[in-house]
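Q: Got a structure for you, questions after.
What follows draws every value from the coordinates through simple rules; no lab data is involved. Just so it is clear, the structure is predicted and the values come from calculations on it, not from any experiment. Please note: Cβ atoms are built from the backbone with ideal geometry, for glycine as well, and neighbour counts cover all protein chains shown.
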Amino acid sequence: MKRHEIFALVDCNSFYVSCERIFQPQLENKPVGVLSNNDGMVVALSSEMKKLGIKRGDPAFKIGNFLKKHDGVLLSSNYTLYGNISARIMQALQQFSPDLEIYSIDEAFLRFTDLPEQDLDLLGKKIRATIQTWIGVPVSVGFGSTKTLAKIANRVAKKFSSTEGVYNLCDHPNLPKVLKWLEVDNIWGVGRKYAKMLHSNGIHNAWQLANTDYPWVKKQMTVVGLRTTMELNGISCIDIEMDIAPRQEIVSSKSFGKPVSDYQEISEALSAYCVRAVEKLRSQNLVASQIMVFLTTNRFKKELPQYANYALTRLPVPSAYTPDFLIAARSVLKQVYREGYEYKKVGVMLADLMHESQAPLDFFAPTYLDDKRKDIMDCIDKINKEMGRDVLTYAGVGVEQNWQMRREMLSPRFTTCWQEIPIVKAK
DNA sequence: TCTGGGGTCCTAGGACCC
DNA sequence: TCTGGGGTCCTAGGACCC
């Protein structure tokens, strides 16, 4: 007999903003927004910011003046800080259940087995209090008999202050009411395209979707949509994933701080992203054998000629040796680069990843592990880790780096850099 | 001046094999 | 009249997530 399972979704409220507020208490109760790379658009907002009518995705340059009038603050994103705070939260959550899935930087699923349901509300409150006290970040907790329902419960917890941040949908008499309230657009797993399709078929809320003919759903939305629909009916189809699945691809790409046409500059930026991607590869003890390069102009500038393209190549043997990728990336870039365009973005994607110990042997060439290449890379990584990022790097990444992104409102690395750790003076 | 970056999964179709 | 029937692997594209 299957044991009775309950899922919880713990989700940090306005995560990036909450991270900034830990070390900058003057930001409490103020409209605060955190921007995407290049200070482009708002990606996280405090509730005060939402009340001003600002939305995720609003471009920074359009709202700057408006915010000044309302004492609002915009910050550049500080992923070093957010990553560190996230790790602390996940560690703290471990104590509530060993069955923990880190779903994103600010969300985790927990699975409980044979837990008395009357205790759920108390448990939710305890989780909230723990994360608030230990780390200083407010979270919301939703319980459900499936992951999809736990997600919905979390949404209710966030939306209605009367819940005090905890909502339980397990065998709840309000379940039909909640499902009727929730538009299909807001169901986990239903994106813009499918939401539109469902609306045009007269299915507007989660209750209606739950009661839709399964074969029809499968035909229109593949098994993925079918799973979601069944989960709305309390049939658990998506289990938590505790093992960190090995990566299948690693992407490194960024928009430029300003438009770039010059081949040399693009090549430098590409080289820099390539160095970063291969570092990431090595940090997980992986090797890659495929590399793809893509570049694109600014699609928002409709008056300018547009161009986007990509191409890929394979390495003769899987590798994590940066120069192998730099050489490959540059030869691929030559294939896709066209003169006379203002480029906005270039990037590299590594694919065909496998653990370095599983790389196939080649009769004619030594594997990455065999010859000195791994030793050289490990040595460089170690120096960079101890002495600072890019103390040792490659000539191809250039010196001036005019293409670098903008981060004009960046907060300090409060928790990960000795020079930037805040000092509290005793009175 | 100015609009993110990094992932996953599923399906259809073509190549190739016996 | 009629032109096999599976498999598998690979890739591109489309959907989704935060």
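Q: Quickly rank A:242-251, A:192-201 as a protection proxy: mean count of other C-beta atoms within 10 Å, highest first.
A: A:192-201, A:242-251
Q: Could you work out [θ]222 nm for chain A from helices alone, using -39500 (n - 2.57) per DSSP H run of at least four and dividing by all its residues? Round to the nearest 500 deg cm²/dmol.
A: -11500 deg cm²/dmol
Q: Continuing with this model, one more query. Limiting things to C-alpha atoms, what are the Rg and the maximum Cα-Cα separation (Dmax) for region A:46-113, in angstroms?
A: 17.0, 52
Q: What value does chain A have for Rg/Rh, both radii from Cα atoms and Rh as Kirkwood defines it?
A: 0.99
Q: In square nanometres and to one decimal, what's the mean projected area of the convex hull around the Cα atoms of region A:322-413?
A: The number I arrive at for region A:322-413 is 9.4 nm².
Q: Let me spell out the model: positive unit charges on the Cβ of Lys and Arg, negative unit charges on the Cβ of Asp and Glu, origin at the Cα centre of region A:205-267. What dipole size does that give, in debye rounded to 20?
A: 220 debye
Q: Hey, fewest Cβ within 10 Å first, where do A:I327, A:I54, A:I423, A:I152 land in order?
A: Arranged by neighbour count, lowest to highest, A:I327, A:I54, A:I423, A:I152 become A:I423, A:I327, A:I54, A:I152.
Q: Another question about this same structure. When chain A is modelled as a GNM with alpha-carbon springs shorter than 10 Å, which of A:T228, A:T133, A:T296 fluctuates the most?
A: Of A:T228, A:T133, A:T296, the Gaussian network model singles out A:T133 as fluctuating most.
Q: Related question: Considering region A:258-355, what Rg and Dmax in Å follow from its alpha-carbon atoms?
A: 14.0, 46
Q: Please list, or write none, the aspartates and glutamates whose alpha carbon is within less than 19 Å of the alpha carbon of A:K180, excluding same-chain residues fewer than 8 places away.
A: Answer for A:K180, where 19 Å is the Cα cut-off: A:D171, A:D213, A:E231, listed by chain and number.
Q: Pairs of lysine in region A:1-143 with Cα under 14 Å and at least 8 positions apart or on different chains: total?
A: 4
Q: Which one, A:G144, A:L209, A:Q248, is farthest towards the positive end of the dipole of region A:141-264 when Lys and Arg carry +1 and Asp and Glu -1 on their Cβ?
A: Ranked along the dipole, the leading option is A:L209.
Q: Straight-line reach from A:K344: which lysines have a Cα under 19 Å away, not including same-chain ones fewer than 8 places off?
A: A:K254, A:K258, A:K301, A:K302, A:K334
Q: What are the equivalent ellipsoid semi-axes of region A:48-157, built from the alpha-carbon gyration tensor (square roots of five times its eigenvalues), in whole angstrom, biggest first?
A: Here the semi-axes work out to 32, 17, 13 Å.
Q: In addition: How big is the C-alpha Rg of region A:192-338 next to the rule-of-thumb value 2.2 N^0.38 Å, as a ratio?
A: Dividing the Cα Rg of region A:192-338 by 2.2 N^0.38 Å gives 1.49.
Q: Further question: Could you tell me how many cubic angstrom of Cα convex hull volume region A:379-427 has per residue?
A: 117 Å³
Q: List the residues whose amide H sits under 5 Å from the amide H of A:D58, counting only those 5 or more places along or on another chain, with H placed 1.01 Å from N in the peptide plane.
A: Result for A:D58 returns A:V42.
Q: Just to be sure I follow: if Rg is taken over the C-alpha atoms of region A:222-284 and Rh is the Kirkwood radius over the same atoms, what is Rg/Rh?
A: 1.27
Q: Still on this structure, I have one more. Can you pull the Kirkwood radius for region A:108-166, inverse mean 1/r over Cα pairs, to one decimal in Å?
A: 11.8 Å
Q: Another one. Lysines within cross-link reach of A:K372: Cα-Cα under 19 Å, excluding same-chain residues under 8 positions apart?
A: Qualifying lysines at Cα under 19 Å: A:K382.
Q: For region A:146-252, what number results from the quotient of the Cα radius of gyration and 2.2 N^0.38 Å?
A: My calculation over the Cα atoms of region A:146-252 gives 1.16.
Q: Relative to the Cα centre, what is the charge dipole magnitude of chain A, using +1 at the beta carbon of each Lys and Arg, -1 at the beta carbon of each Asp and Glu, and rounding to the nearest 20 debye?
A: 1360 debye
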